Every structure is written in C-alpha cells, then in structure tokens.
Amino acid sequence: MRLSLTFKLTKGYLMLKSIQLKVIDPRIGQDVPLPKYQTKGSAGLDLYACIEQDITLTPNQCILIPTGIAVYIENPQYCGIIAPRSGLGHKKGLVLGNLVGIIDSDYQGELKVSFWNRGTSPQSIRPLERIAQLLFLPIATPTLEIVEEMAESERGTGGFGSTGTLSTQL
C-alpha cells in the first residue's frame, strides 16, 4: 500500500512527493484508518498502538509499542520524526522514552514508539489508541570542518542559562 504526499516546490529543496507505506498489521486500514492528517492544519499523521490487549506501564517503566506500519522515505534530504501526542504527556504522564524518534530516509522496518511513564501512577495504553504523530521534515547534512579555534561569536561558550531567564526588553 502506498501513501502519497504532495508538496509545493520550495526553493533549495528536492521536494518530497510520496512516501512508501507498508501495512504490517491488517487492522490498519480496517479497524482504524490509514495514517492521515486529522485537519488541514495538522503537522503530523496519527500512529496507532498495534497491541492485542491493554498494556499498563508502572511509574518509570519504559516499553516499545508497535504501530503496525513501516515507511520508506527514500529521499535523503528528509527524515521522519515520531513526536508525542500532547494529551498523553500532559494528562497521563506518558512521554516518548527517547523524547523524539528519528526515522532515517533509508529505514524500512516497522515503526515502534518508545513510551515512558514519567508519572506517579500506573497508566494504560489501549489497543489501536492514537499514541504518537509522524512528521516529515527536511534536513541538512553539512560536512564538518575540523578547526583549532572557532570563529568568534557574541555568545561564545556561554550556555545553560548564560543569557539569563528574564526579559531584558521593556
């Protein structure tokens, strides 16, 4: 099965016109829809928990949940991003175990979502529940230039709050 995505030509990028999508779990497209954008303004496609029964995560437990699909992006100027659904993180304390999932353009295996219960009480994931979002983003792959000294910048090596936390503008 092929999921086609079409984009307008943007200067400087070889545009992503389609993504190959392989349905691994037959419930995808039958019991739940194929991944789709829920609204015209949606950035991500919904991913579903392709599990047979409820899975309960105890506090601080981490588990991999299969999505029942595989994608092949092919274009090396793009990657896939698995992002959390805000309601699961905010309301249930269920976040991605690796915080964000990166799908390389040449990966073709089943997409799985790493879940971590960062909350203080057990939380359940139901079969075919919408659990994450899949986004496609352009990427840059510059070459690295080895230097003895960096070119100077205003910030330099300051980090971890070095620019302050309060607004300096009135």
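Bear in mind that the values in this text are calculations on the coordinates, not laboratory data. Note that the structure is predicted; figures quoted are calculated from it, not measured. A quick note on method: Cβ atoms are made from the backbone with ideal geometry, for glycine too, and the neighbour counts reach across all protein chains shown.
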Using the charge dipole of segment 93-170 (Lys, Arg: +1 at Cβ; Asp, Glu: -1 at Cβ; taken about the Cα centre), state which of L135, S105, G159 has its Cα farthest towards the positive end. L135
Quick one: Cα centre-to-centre distance for segment 151-167 and segment 22-37, in angstrom? 47
Considering only lysines 8 or more places apart in sequence, or on different chains, count the pairs in the chain whose C-alpha atoms sit under 29 Å apart. 20
Quick one: Karplus J couplings for segment 129-141, per residue in order, coefficients 6.51, -1.76, 1.60, θ = phi - 60°, nearest Hz, x for Gly and Pro? 6, 5, 10, 7, 10, 10, 10, 10, 10, x, 10, 10, 10
Please give the contour-minus-distance gain from N60 to R126: 0.36 nm per residue of separation, less the Cα-Cα distance, rounded to one decimal in nm. 21.9 nm
Which three semi-axes in whole Å describe the equivalent ellipsoid of the chain, each the square root of 5 times a Cα gyration tensor eigenvalue, listed largest first? 33, 25, 15
Using a simple charge model, +1 on the beta-carbon of Lys and Arg, -1 on the beta-carbon of Asp and Glu, nothing else, what dipole does segment 1-152 show about its Cα centre, in debye to the nearest 20? 860
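What do you get when you divide the Cα radius of gyration of segment 81-170 by 2.2 N^0.38 Å, with N the number of residues?
1.61
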Approximate spin-label separation S153-E52, in nm, with each point projected 7 Å along Cα-to-Cβ: 5.2
So how long is each side of segment 120-170 along the principal axes, counting just the alpha-carbon atoms, biggest first, in Å? 53, 38, 25
